[in-house]
Amino acid sequence: MKILLAGYNLDYDLIRELKDKSGFKQDLTPETISAAYARISRSPKAVNELREIARDEVDKARQSNRNIVFEMGHSSVAEHSVFNIDVIGVSRLLVEEIEKFRLCSYTEKSQRYVLFNKDFIIPEEIRQANLTDLFVSAVEAQNDFYHELYGKLRPYIFEKHKDLAENPANKSMLEGWAKEDARYAISMATQTQLGMTINARNLELMLRRLAALPLAEAHEYSEQLYSATKEIAPSLIRYTKATDYDKFTREHLRRQCTDLSEQYGAGSKKLSDVQLTYATPAADNRIAASLLFVSSNIPYAICLTLAGKMTPPTKKAFIKTAFTNLQVHDSVLREMENVDLQFELILSSSCFAQLKRHRMSTIIAQEYNPQLGVTVPPSIKAIGRQKDFLEIMRQTQNAYIQIKEKAPLAAAYILTNAHRKRVLMKFNARELYHLARLRADAHAQWDIRELTKKMLTQAKKVMPLTLMMACGKDNFSELSNKTFRRE
C-alpha cells in the first residue's frame with residue numbers, strides 16, 4: 001500500500017505570489033488533478049505518474065478533460081477540481097439561492113454572532129422602478145430598530161442569566177443571544193458574506209442556475225463567479241449560460257398553478273406550523289428487516305416477513321441492539337436511511353436560514369408570504385417591545401405592498417428575518433437523528449429548537465422504535481440511561 005498526498009487547497013494570493021517569484025510559466029490549475037484521475041481507469045501507470053504527466057502537459061490535460069467530461073459525459077471527473085470562493089456583499093435573499101446547491105460547503109457570516117452594521121443592497125429592480133427612497137427608508141427604519149433592540153436585549157439577557165454572566169468567558173455567548181433575537185427586525189436585503197468550497201461540476205451548474213433566476217443580483221453573482229474562475233479551469237467549465245429549462249419551467253408551473261387554483265379553489269384551511277404529511281408505513285418493521293438483512297444472508301422479502309412476525313418485545317430488543325453502544329457523537333447505522341418522513345413547515349426566515357443547512361434532506365420552499373404573519377422572539381415580548389416590533393413589521397408590510405405592485409420580483413428583499421414561508425422537507429430517519437442531535441440541543445437557537453422538537457414528537461409517534469434514541473446532545477446521556485436502564 002502507498003498513500004500519497006496529491007494536493008491541497010492553498011490561498012490563491014499565495015499561489016500567485018509563489019508563481020511570480022519563481023518565474024514558473026506553466027499554468028497552475030486543478031485541471032491536472034482531474035485529468036490524471038480520469039486516466040486511472042485506462043492507464044497501467046501509477047496515478048502519481050499520471051499527475052506528473054498532466055502537470056508537464058497542461059494543454060493536453062485540458063483537451064483530455066474536454067473529451068472525457070463533455071464528449072464522453074463523465075462529468076464526475078470535474079469533481080476532482082475544487083475551488084475556494086470568497087463571496088462578499090451579497091444579500092441574505094441571494095444566499096438562500098446560493099446555498100440550494102447541496103454538494104458544496106458554506107460558512108456564512110452569522111447574524112447570531114456578529115452585530116451587523118447598516119449595510120444592505122439596493123436591488124437594481126428597485127432602482128429601475130424608482131422605489132429607492134421608499135426602499136431605503138424602510139430598511140433604515142428596520143436597521144435603527146435592530147440596533148435599538150440589541151441595546152435593550154443585551155442587559156435583559158445578562159440579567160436573566162446572572163449565573164452565566166458571572167463568568168467573563170460567557171460574555172460573547174450572552175451577547176450572541178441578544179443579537180440573534182434582534183436580527184428578526186432586519187431585512188433580507190442585508191449584506192453578508194460567506195466562504196464557499198465548490199467543485200468544478202457544481203460550479204458550472206451554479207453558474208447556469210443563478211443566471212436563470214429573474215433577479216439582477218443573481219445575474220451579477222453568476223457573471224462575477226465565472227470571471228473569477230474561467231481562466232483557472234477552462235476545460236471543466238463550459239455550459240454557463242441559462243437554459244430555457246432553468247429559465248421558464250418554474251414560471252410556467254406557476255402560471256398553471258394559478259389557473260388550477262382558480263378553477264378548483266385552493267381553500268383556506270389553517271394548518272399547524274409543523275405537520276407530518278408522510279411517513280413510511282410500518283417503519284419499525286422495515287428497520288428491523290433492514291437490520292436482519294445486513295446481518296444475515298436472508299433475502300429482504302423474507303426479512304420483512306420475519307420482522308412482521310416478531311412480537312413487540314422481541315422487535316424492540318432487536319432494534320435496541322443497534323443502539324446499545326451508541327455514543328453522543330456516533331452516527332446511527334445506515335440502515336436508518338430506509339424509512340422516510342415528510343413535513344410541511346411554516347417557519348421564519350431566521351429559522352429557515354438554519355434549517356437549509358441540513359443538505360442531505362430534500363427541501364422545497366414557497367416564496368415568503370406576509371399573510372403567514374411574523375415570528376416574534378419571546379425576549380422581545382419580555383422587554384415590552386412587541387408593540388414596537390409589530391409596528392416595524394406594519395411599516396415593512398406597507399413598503400412590501402408598494403414594491404410588489406411595481407417591482408414584484410424584488411419585493412422579498414424588504415421582508416425581514418421574522419417573515420415566514422411554507423417549506424416541504426423530506427428526510428430519512430438517519431438524517432432526523434442528525435437534525436435532532438444538533439437542533440434539539442439546549443445550545444441550539446430557540447426558533448429552530450422548538451421546530452425540531454415538534455417534528456421529533458410527531459415522528460416518534462409513527463416510528464417509536466426507530467427513533468428511540470433521537471434527541472438533542474444535551475439529553476443523550478439521560479435518554480441512554482433510561483433506555484438501557486444504566487445506573
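The values are calculated or read from the model by the stated rules, or taken from the named source; none is laboratory data. In this text, all values refer to a predicted model and were calculated from it rather than measured experimentally. Note that we place each Cβ from the backbone using ideal geometry, even for glycine, and neighbour counts take in every protein chain shown. Just the protein is used for accessible areas: all its heavy atoms, side chains included, with ligands, DNA and RNA removed. Shrake-Rupley method; radii C 1.70, N 1.55, O 1.52, S 1.80 Å.
Taking amide hydrogens as placed 1.01 Å from N in the peptide plane, the amide H of residue 277 sits under 5 Å from those of 342, 343, 344, each at least 5 positions away in sequence or on another chain.
Remind me, relative contact order of the chain in percent, using alpha carbon pairs under 8 angstrom and six or more residues apart? Write out the running numbers ahead of the final one.
Details: 672 pairs, mean separation 81.3, N = 487.
Normalised by residue count, the contact order of the chain is 17 percent.
Here is the list for segment 224-323: trypsin sites (Lys or Arg not before Pro) lying in DSSP coil, each with at most 16 other C-beta atoms within 10 angstrom of its C-beta, are 230, 238, 241, 269, 270. Entry note, the chain: the mean residue ellipticity at 222 nm calculated from DSSP H runs of n ≥ 4, each adding -39500 (n - 2.57), is -15500 deg cm²/dmol after division by the residues and rounding to the nearest 500. For a paramagnetic label modelled on residue 43 (point 7 Å from Cα along Cα→Cβ), amide N atoms under 18 Å away belong, within segment 228-244, to 235-236. Available extension along the chain between residue 28 and residue 255 is 76.9 nm, counting 0.36 nm per residue and deducting the alpha carbon span.
When only Cα pairs under 8 Å and 6 or more residues apart are kept, what is the percent relative contact order across segment 107-208?
Over segment 107-208, the number comes to 46 percent.
Using alpha carbons only, how many angstrom separate the centre of segment 123-170 from the centre of segment 385-450? Measuring centre to centre over Cα atoms gives 16 Å.
Report, in debye and to the nearest 20, how large the dipole of the chain comes out about its Cα centre when Lys and Arg carry +1 and Asp and Glu carry -1 on their Cβ. Could the numbers behind the result be given before it?
Values: 70 positive and 59 negative charges, 354 e Å.
So the dipole magnitude of the chain works out to roughly 1700 debye.
Of the residues 363, 328, 1, the one whose Cα sits farthest towards the positive end of the charge dipole of the chain is 328 (charges of +1 on Lys and Arg Cβ, -1 on Asp and Glu Cβ, taken about the Cα centre). As a calculated quantity, the FRET efficiency between residue 473 and residue 67 at R0 = 45 Å, using C-beta atoms, amounts to about 0.40.
Determine, from the Cβ-Cβ distance of residue 230 and residue 88 and an R0 of 30 Å, the FRET efficiency 1/(1 + (r/R0)^6), rounded to the nearest 0.05.
On the way: r = 19 Å, r/R0 = 0.63.
With R0 = 30 Å, the Cβ-Cβ based efficiency is 0.95.
Give me the number: length gained by fully extending residue 147 to residue 321, i.e. 0.36 nm times residue separation minus the C-alpha to C-alpha distance, one decimal in nm. Value of the extension gain: 57.4 nm.
3J(HN,Hα) couplings calculated from phi for segment 401-408 with the Karplus curve 6.51 cos²θ - 1.76 cosθ + 1.60 (θ = phi - 60°) are, in sequence order, 4, 5, 5, 4, 6, 9, 9, x Hz; Gly and Pro show x.
Need the full-extension length gain, residue 114 to residue 442, defined as separation in residues times 0.36 nm minus the C-alpha distance. One decimal, nm. List each step's numbers first, then the result.
Working: separation 328, 0.36 × 328 = 118.08 nm, distance 2.07 nm.
Additional length available on full extension: 116.0 nm.
So if R0 is 51 Å, what FRET efficiency would residue 296 and residue 263 give, r being the distance between their Cβ atoms, rounded to the nearest 0.05? Display every interim value, and only then the final one.
Working: r = 53 Å, r/R0 = 1.05.
Calculated transfer efficiency: 0.45.
Scaled to the compact-protein estimate 2.2 N^0.38 Å, what is the alpha-carbon radius of gyration of the chain, rounded to two decimal places?
Values: Rg = 26.1 Å, N = 487, 2.2 N^0.38 = 23.1 Å.
Normalised by 2.2 N^0.38 Å, the Cα Rg of the chain equals 1.13.
Each label was represented as a point 7 Å from its Cα along the Cα-to-Cβ direction; for residue 130 and residue 216 these points are 1.5 nm apart.
With θ taken as phi - 60° and the Karplus curve 6.51 cos²θ - 1.76 cosθ + 1.60 applied, the whole-hertz 3J(HN,Hα) list for segment 153-164 is 6, 4, x, 4, 5, 5, 6, 5, 10, 4, 4, 6 Hz, x standing for glycine and proline. Compare the Cα positions of 397, 428, 376 along the charge dipole of segment 316-454 (+1 at Cβ of Lys, Arg; -1 at Cβ of Asp, Glu; about the Cα centre) and return the one farthest towards the positive end. Positive-most Cα among the choices belongs to 376. For the pair residue 390 and residue 19, label points projected 7 Å from Cα toward Cβ lie 5.9 nm apart.
For segment 346-403, the per residue solvent-accessible surface stands at 46 Å², with DNA, RNA and ligands left out and a 1.4 Å probe. Ranked from largest to smallest solvent-accessible area, with a 1.4 Å probe on the protein heavy atoms, 28, 276 come out as 28, 276.
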